[in-house]
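Heads up: the structure comes next, in structure tokens.
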Amino acid sequence: MKDHHAAAAGGEAGGSYNYRMFKCFNRKFKITEVEPPEDVKEAFNKFHYHHYHGAVVPHPHMTSDELRRFLVLHQGQVDCTVPDAERIIDQVVQRRHHLTKYTRHGLNLDDFFHFLFFDDLNGPIDAQVHHDMSAPLSHYFIYTGHNSYLTGNQLSSDCSEVPIVKALQRGVRVIELDLWPGSSRDEIHVLHGRTLTTPVSLIKCLKSIRDYAFVTSPYPVIITLEDHLTPDLQAKVAEMVTQTFGDLLYYPESDSLTEFPSPESLKHRIIISTKPPKEYLESKDRATGSQRGSSDDEDGNNTPDDRSDSDHEDEEFNDSDHKSGQLGASAYKRLITIHAGKPKGALKDALKDVTRKVRRLSLSEQALEKAATSHGADVVRFTQKNIIRVYPKGTRFNSSNYKPVLGWMHGAQMIAFNMQGYGKSLWLMHGMFRANGGCGYVKKPDFLMQRGPPNEVFDPKRETIVMTTLKVKVYMGDGWRLDFSHTHFDAYSPPDFYTKLYIVGVPADCAKRKTKIVEDDWSPVWDEEFTFPLRVPELALLRIEVREYDMSEKDDFGGQTCLPVSELRPGIRSVPLYDKKGEKLKSVRLLMRFQIE
């Protein structure tokens, strides 16, 4: 790919790399121009031709009509039109040849090859919202943050509105705020309680949510409040929320919702989810100093009987507080759309859907694991109408994350993640929510919403037949030399890249494969195909990771991505890679082919 490599970092104008060894001699590696894979050549030849004296004769350029046929028949883009193809040709020609005006008759083979490598024109998944958005909120997996205000670890990092803004820009739709009284007793702080985290003011967080809520997605932002406040301060929260959000704020006329609203009906709206404050007031009426109940307290820092506000708040609560608290509680409660709570008594009983009111139940990752093992069917039934939020265990002080797939398999909508906790689990979260145009809401598979006789629901542990087969071909990779220094991977030679492929989903579908190692090449060509039989493709994610082989140390990281299998577009596709934090690498892409049979 000549023009792509012309400015290769560390490469000479003549097309080679020099590596100095032991400060005494040079090793020179020639930069070879990458040829289109045979499959690309065959596709180009198959779809471009013209008739000459009754014979079909190939010609050097693919016209817009021929490109349209390729996109429809080979790439499965059935809605593609000739004007769509014309726009693609214009963009490819402008980018490759720096022409301000379209002057060609179509794409030659090299243009066609480059088009396939442009991920914005030929990406692996649909960039548009395409799921039905008119079902109740409980029918969707929702992109959910945990302790959304933390900049780092759970114990001593700063609290700030900046991580909230970053999360919203990434498409996160559920923001969690922990509310605590400030030192003046009249201010409200957002911080991780009983730790050394430095606070940020609630009003600063609310204004940031207001300003950035819909920059990436028009669908509703849910604010989950973990509330450690007195009734007077709850009333102040109600006032701040109402004044800050104005018409953006949605709250139901009745506090007894029997079905959640839909994402479509809540476009450009902000909704509140927390425990109703009546539990706070009731706990005061029967209070001892240790029985408190206002907060979800989902961080695992407290004992079961130490779930809410600080001790001195209870001691100072008297009759006058009770009366003013009732007024404040009323205003606060009115704003809650999704009523939340933790299980009282046995979890199995809490999961029984005995009331017509819909609600949110909060479970730790350990509680979910136990529930999935002991009564997974009850969890699935509960999530068909209600919402479950799963949060990380309290010992994850470094803001690491748990595996999200178990929750998704049981229909849990809010898998709450530390968005600053980089690692493979977070890559899976990024992958799931690349689905449906990255809008932050992914429609749950139909089988998670269905019940068969006698009240039977989906069981992820049950062995089923193979429903589909995913074939993945890894042709080649490119772009590392533009994004990394020429000695980043190896001080004495070009890198030795290989690609690892993982299927993550129900236990029976999980698999991993890897390509051969291509030595000393900045543009590795693997040309290898892998087959993955899938029983539950709707819950499967394809995780892709490129590594650079190192004989003496741990293999270097060369980029990663994660893609929902159900969203993969067939055909030859450009797959952009991301760094460890999930930020897109500027130039690095893989050329791959996906077939679903």
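Here the calculated FRET efficiency for Asp550 and Ser156, from their Cβ-Cβ distance with R0 = 41 Å, stands at 0.75, rounded to the nearest 0.05.
Stretching the chain fully between Asp349 and Glu253 yields a gain of 31.7 nm (0.36 nm per residue, less the alpha carbon separation).
Local charge for Ile517 was computed over the other residues whose Cβ lies under 12 Å away, with Lys and Arg +1 and Asp and Glu -1, and equals -4.
Kindly provide the trypsin sites (Lys or Arg not before Pro) of segment 99-175 that DSSP labels as loop, not H, G, I, E or B, and whose Cβ sees at most 12 other Cβ atoms within 10 Å.
Within segment 99-175, the qualifying trypsin sites (Lys or Arg not before Pro) (loop, at most 12 other Cβ atoms within 10 Å) are Lys101.
With the highest mean first, a sort of the peptides 457-470, 426-439 on other beta-carbon atoms found within 10 angstrom per residue produces 426-439, 457-470. Computed over the Cα atoms of segment 468-596, pair by distinct pair, the Kirkwood hydrodynamic radius stands at 15.0 angstrom.
Around Pro199, under 11 Å between beta carbons, what's the net of Lys plus Arg minus Asp minus Glu among the other residues?
Working: positive: Lys204; negative: Asp158, Asp178, Glu187.
Neighbourhood net charge equals -2.
Taking label points 7 Å from Cα along the Cα-to-Cβ direction, Lys267 and Thr487 give a separation of 5.5 nm. If you take all other residues with their beta carbon under 12 Å from the beta carbon of Tyr502, and give Lys and Arg +1 and Asp and Glu -1, the sum is +4.
Throughout, read-outs are computed from the coordinates displayed, never taken from laboratory work. This is a predicted model, so every value here is computed, not measured. Quick reminder, even Gly has a Cβ in these numbers, built from the backbone with ideal geometry, and neighbours come from all protein chains shown.
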